Amino acid sequence: MVVDDEPMLRQAVKLLLEHDGEQVETVKSGEAALAALAQQTFDLIITDFSMPGMQGDELVARIRQQLPAQRIIMATAFVEEYRVFAQPTGNVDAVLLKPFSYKELHAAVAQVLTEEPNYCIPTVPPIFQQSPAQDFPLPPER
């Protein structure tokens, strides 16, 4: 499940994951994510940190109360705010820095789905970000 208040980003992440053969549900808020979780299970949740209403860290904390082994990736453009203000109970398995590339998304998803969940380890989760130049090399100078 992808949780993000930005429709274009939700759709882009959905398309990228579907390209990898995943089935993807999308929702626009933490409240909608909790409602979806009440109806079905998900192998992975990718949630935005900064959203109107329920922030991503609050969503993660509420999910952890009900499903401590749920695999979760936090996506954020505000990594410093995430590190400073995120609720300590909102441990995630990985953090994706926005904007992220397909390779970063793929690497984060692959790692989180193949490793043991990070839900009881109070450490900083891995952060996936590469230089944009690695994904989109500039043409040679003339």
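The values are calculated or read from the model by the stated rules, or taken from the named source; none is laboratory data. This one's a predicted model, so the numbers in the text were calculated from it and none came from an experiment. Cβ atoms come from the backbone with ideal geometry, glycine included; neighbour counts cover every protein chain shown.
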* Structure fact -> Within region 1-41, restricting to residues that are of a type in the set (Ser, Thr, Tyr) and part of a loop (DSSP other than H, G, I, E, B), the one that is surrounded by the most Cβ atoms within 10 Å (Cβ to Cβ) is Ser29
* Asked: With respect to the numbered conditions (1) at pLDDT below 65; (2) aromatic (Phe, Trp, Tyr); (3) in contact with a strand residue (DSSP E or B) (Cβ under 8 Å, 6 or more places away or on another chain), which one is the sole condition not fulfilled by Tyr119?
  -> (3)
* Asked: Out of the residues in region 72-91 that are in a loop (DSSP other than H, G, I, E, B) and more than 20 Å from Leu9 (Cα to Cα), which is modelled with the highest pLDDT?
  -> Asn91
* **Tally of residues being closer than 19 Å to Gln23 by Cα, surrounded by 20 or more Cβ atoms within 10 Å (Cβ to Cβ) and of a type in the set (A, V, I, L, M) across region 42-63** => 2
* **Members of region 92-116 that are modelled with pLDDT of 85 or more, exposed (fewer than 13 other Cβ atoms within 10 Å of the Cβ) and part of a loop (DSSP other than H, G, I, E, B)** => Pro99
